[in-house]
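Asks: Quick one: structure below, then a few questions.
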Amino acid sequence: MKLLFVMVPLLLISNVVWCQGEVTIPATDSLIEYTGRIDFTDPAAPRFAYPGVSVRAAFTGTSISVILDDEWGFNYYNVILDGVVLSKLQPSAGTFTYSVAANLVDTVHEIELFKLTEQDFGKASFNGFVISSDRAIVPLSNKHTRLIEFIGNSVTCGYGNEGALGQVFSGSTQNHYMTYAALTSRNFNARHLAVAKSGIGIYRNYDGPPNGDPDCMPNLYPRIFLWEDSPQYAFQPTPDLICIELGTNDFSTGGGDSARFVSHYVSFIDTLQSRYAFPDILCLLGPLLNAPFVRNYFQTIVAIANSKGKGTVEFFEMSHMTGDLGIGTDYHPTVAQHIKNGLELTEYIRTLKGWDVVPAVMEASVVTKHQVRLNFNTQISSSTGEYTGFATLLNRLPVTIASAHRDSIDAKILYLQLSQAIEIGDTILLNYRPGSVSGAGTAKLNYFVGLNVADSLRPTELANGEIYPGGRDIVLRFNKPLQPVTELSGFSVVADDGGHPVDGAVVTANELLLHTTRTILSGDLVDISYSGTDIVGKDEIVAAPFFNIALWNGSLQTTGVDNAAGTPHEFALRQNYPNPFNPTTVIPFDLAATGAVSMTVIDGLGQNIATLVNEVRLPGSYEVVWDASGLSGGVYYCRLSAGGIVRMTKMVLMR
């Protein structure tokens, strides 16, 4: 799965300077929204260290800067403007002013600073915004009415989710914004509070002693800063849901003690229920802990906790990391794995709590030269049947959206049809102002400006090819799926004995099968050239011409059946008879070994018309009768496959 946002490097870093025409909005301004564990001992410079701390505000004007004081210069932040990640900011150590957005349309904008890195990368303080003196901070229109707290370890932190296996872990490989936790909070338009530390456990940290560590999560949980006993967190307000993703480190190395794990986990739940008033708690089994015995421990924990009547406790197991979605730094989940787990958790919470999922674009990509596909986090709908509110910029110029329609099968997918063609390498940005798009419930799609659409267009090119035994069929494989072929010109097929005219072609996925009028002899070298425009990718990109592509016909010619042995020498599909035919024909074939066999009939557009054989058969010679009654006359192809080998032959139905 692709990343939703493109990170842009920061362009301007400067010392704090009070410039004429600018005004500092102090951190104490009541219109600034703070979320996370934050120390307000000095309200003019609130301090924080946990990942996921958010500072959000709405402002008028064309530019905005932020004043940060970073302890070591190792932290990273997302700068989110109007609902879209604009840039990734790494502040320097010390107090500096950073220009985070400029040259904006002079209207109301929403800015958010979201901390991506965990406590180990140092503390920071927010010292205010800087805007034009004739502009102001204004009330936020997009209110986050819920609060979800996530308590976790390295998975919740986002350890290495933007890195790769073998890469050294650093702040640049950690992106808490793209974790299952932060994604789930956004899916419910909730404020997000994270209390997470890599390597930490319920009673035992990573590779800790079997009898436990004193610095495990329950002992440090009340603190705002993990390694400082003061200040303590105020535990206000009560979250609408608390999710605990702990346990991986307790059992990731040998020596985990089940009794200690269960007792400490139950005690931690008691702590949460005493700090908050009857909170709903969800215990999570994360993607790195694939251990059935631990699942049993969680079931015991949930049963004990619920028997106390202090609040509802549930259990949910996220799907485990298998590597099919990549492997991050030090064998941690990738962003793609986090997205998968986030959607799973979102659906579970939606059912558990009855909350509407706020629709959000998870991925935006180019499908064809005229079509953009939007993948949402939930099913979408429109009361009017029309999906309005979108606007597109192609190379920074407006482009008309001719139509928008939801996928007929998957209600999480929306297609935008553009009036102007997108070319390879173009820049496509998508905006959405309040329109008609809703989720499965009543939640509306929030506005966003400047969402990057991934231009996945690439040239349509020949990858490889081969000559099938029998010498009449040539398969050419391309680097992408192709559109069906209705006409085909511009081909030249020349073997040692001269030219071999092409009298038929059929497309199946990314393969183009050519049928020649003359047999190519075994051992011949064939030169294939193409100068036409009829081969087109599904994305509307016309295939580039190619010349003198050499293919060697290295297979044996069909030799028939060895009458003495009674067993064919090779796997072969023979020409049907009669041919042409109406309406029935006989298709002979030979099998040299026992195996699963599939025989299908394909029309000229590459569509499967009939399945004639789909079973295991013994070696021998066979005949299959195909009745084409009800089909229109024309060219059809028989496709026989067994043991990873494919044979095809051309059949003509006369009407």
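Asks: Of all residues in the range 188-228, which are polar (S, T, N, Q) and buried (at least 19 other Cβ atoms within 10 Å of the Cβ)?
Replies: Within the range 188-228, Asn189, Ser198, Asn205 qualify.
Asks: Name the single residue, out of those in the range 575-617 being farther than 16 Å from Tyr636 by Cβ and among the charged types (D, E, K, R), that is nearest to the chain's Cα centre (by Cα).
Replies: Among those residues, the one meeting the criterion is Glu615.
Asks: Check whether at least one residue in the range 393-411 is closer than 16 Å to Leu451 by Cβ and among the hydroxyl-bearing types (Ser, Thr, Tyr), and report yes or no.
Replies: There is no residue in the range 393-411 that is closer than 16 Å to Leu451 by Cβ and among the hydroxyl-bearing types (Ser, Thr, Tyr).
Asks: Let me ask something else. Could you please find all residues in the range 85-125 being of a type in the set (Ser, Thr, Tyr), assigned to a strand (DSSP E or B) and surrounded by fewer than 22 Cβ atoms within 10 Å (Cβ to Cβ)?
Replies: Of everything in the range 85-125, those that are of a type in the set (Ser, Thr, Tyr), assigned to a strand (DSSP E or B) and surrounded by fewer than 22 Cβ atoms within 10 Å (Cβ to Cβ) turn out to be Ser87, Thr95, Ser99, Thr107, Ser125.
Asks: Only one residue in Thr378, Thr334, Thr368, Thr329 is under 18 Å from Leu285 (Cα atoms) and either surrounded by fewer than 18 Cβ atoms within 10 Å (Cβ to Cβ) or of a type outside the set (Phe, Trp, Tyr) (or both). Which one?
Replies: Unique residue meeting the criteria: Thr334.
Asks: Of the residues in the range 486-503, how many are buried (at least 19 other Cβ atoms within 10 Å of the Cβ) and within 43 Å of the chain's Cα centre (by Cα)?
Replies: In the first step, residues of the range 486-503 are kept if they are buried (at least 19 other Cβ atoms within 10 Å of the Cβ); the result is 491, 493, 495, 500.
Next cut, within 43 Å of the chain's Cα centre (by Cα) only: 491, 493.
Selection size over the range 486-503: 2.
A quick yes/no check of all residues on (1) surrounded by 15 or more Cβ atoms within 10 Å (Cβ to Cβ); (2) touching a Pro at 6+ places or on another chain (Cβ under 9 Å); (3) not assigned by TED's automatic domain parsing to the domain that holds Met648:
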| position | (1), (2), (3) |
| --- | --- |
| Tyr577 | no, yes, no |
| Pro583 | no, no, no |
| Asp590 | yes, yes, no |
| Leu605 | no, yes, no |
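Asks: Of all residues in the range 423-436, which are under 22 Å from the mean Cα position of the chain (by Cα) and surrounded by 13 or more Cβ atoms within 10 Å (Cβ to Cβ)?
Replies: Result: Ile424, Asp426, Thr427, Ile428, Leu429, Leu430, Asn431, Tyr432.
Asks: Scan the strands (runs of 3 or more DSSP E) fully inside the range 29-79 and keep the ones with 3 or more residues being crowded, with 21+ Cβ neighbours inside 10 Å and touching a residue at least 40 places away in the same chain (Cβ under 8 Å).
Replies: 54-61, 64-70
Asks: For the range 126-151, which residues satisfy the criterion of being more than 34 Å from the chain's Cα centre (by Cα), outside any strand (DSSP E or B) and not hydroxyl-bearing (Ser, Thr, Tyr)?
Replies: Scanning the range 126-151 gives Asp134, Arg135, Ala136.
Asks: Does Gly566 qualify as being at pLDDT below 90 and either surrounded by 13 or more Cβ atoms within 10 Å (Cβ to Cβ) or under 38 Å from the mean Cα position of the chain (by Cα) (or both)?
Replies: Numbers: at pLDDT below 90: yes; either surrounded by 13 or more Cβ atoms within 10 Å (Cβ to Cβ) or under 38 Å from the mean Cα position of the chain (by Cα) (or both): no.
No, not satisfied.
Asks: Continuing with the same structure: From the residues in the range 229-246 that are among the charged types (D, E, K, R) and either closer than 27 Å to Ile349 by Cα or crowded, with 16+ Cβ neighbours inside 10 Å (or both), which one is farthest from the chain's Cα centre (by Cα)?
Replies: Looking only at the range 229-246, we keep the residues that are among the charged types (D, E, K, R), and these are 229, 240, 245.
This time we only want the ones that are either closer than 27 Å to Ile349 by Cα or crowded, with 16+ Cβ neighbours inside 10 Å (or both), so: 240, 245.
On the way: Asp240: 28, Glu245: 22 Å.
By that ranking, first place goes to Asp240.
Asks: Mind checking whether some residue in the range 347-369 is among the polar types (S, T, N, Q) and more than 21 Å from Asp407 (Cβ to Cβ)? Working first, answer last.
Replies: Taking the range 347-369 and keeping what is among the polar types (S, T, N, Q), we get 351, 365, 368.
Now narrow it down to the ones that are more than 21 Å from Asp407 (Cβ to Cβ): 351.
Yes, some residue in the range 347-369 is among the polar types (S, T, N, Q) and more than 21 Å from Asp407 (Cβ to Cβ).
Yes/no per residue for (1) within 20 Å of Pro214 (Cβ to Cβ); (2) crowded, with 18+ Cβ neighbours inside 10 Å:
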site	(1), (2)
Thr248	yes, yes
Gly255	yes, no
Phe261	yes, yes
Gln273	no, yes
Ala277	no, no
Cys283	no, yes
Leu289	no, yes
Phe293	no, no
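Asks: If you don't mind, there's one more thing I want to ask. Identify, by number, the condition in (1) surrounded by 15 or more Cβ atoms within 10 Å (Cβ to Cβ); (2) out of contact with any Pro (no Cβ under 7 Å at 6 or more places or on another chain) that Ala628 doesn't meet.
Replies: The failed condition is (2).
Asks: For the list (1) outside any loop (DSSP other than H, G, I, E, B); (2) touching a residue at least 60 places away in the same chain (Cβ under 8 Å), I need the number of the one condition that Ile202 fails.
Replies: (1)
Asks: Which numbered condition in (1) crowded, with 21+ Cβ neighbours inside 10 Å; (2) over 27 Å from Ile200 (Cα atoms); (3) of a type in the set (S, T, N, Q) is the only one that Asn161 fails?
Replies: In the conditions (1) crowded, with 21+ Cβ neighbours inside 10 Å; (2) over 27 Å from Ile200 (Cα atoms); (3) of a type in the set (S, T, N, Q), Asn161 misses (2) alone.
Asks: Would you say Thr594 is β-branched (Val, Ile, Thr) and closer than 26 Å to Thr517 by Cα?
Replies: no
Asks: If you don't mind, there's one more thing I want to ask. Restricting attention to strands (runs of 3 or more DSSP E) lying wholly within the range 351-445, give those where 1 or more residues are closer than 28 Å to Thr184 by Cα.
Replies: Values: elements: 361-368, 371-376, 390-394, 397-399, 401-406, 413-418, 428-432.
It comes to 361-368, 371-376, 390-394, 401-406, 413-418, 428-432.
Asks: In the range 534-556, which residues are in contact with a Pro (Cβ under 9 Å, 6 or more places away or on another chain) and farther than 18 Å from Arg477 by Cβ?
Replies: Passing the criteria: only Leu556.
Asks: I'd like to check something: does the range 122-133 contain any residue that is under 20 Å from Tyr447 (Cβ atoms), touching a residue at least 24 places away in the same chain (Cβ under 8 Å), polar (S, T, N, Q) and out of contact with any His (no Cβ under 6 Å at 6 or more places or on another chain)?
Replies: Within the range 122-133, not a single residue is under 20 Å from Tyr447 (Cβ atoms), touching a residue at least 24 places away in the same chain (Cβ under 8 Å), polar (S, T, N, Q) and out of contact with any His (no Cβ under 6 Å at 6 or more places or on another chain).
The values are calculated or read from the model by the stated rules, or taken from the named source; none is laboratory data. Note that the structure is a prediction, hence the values are computed from the model and not measured. For neighbour counting, all protein chains shown are included, and Cβ atoms are generated from backbone atoms with ideal geometry for every residue, glycine included.
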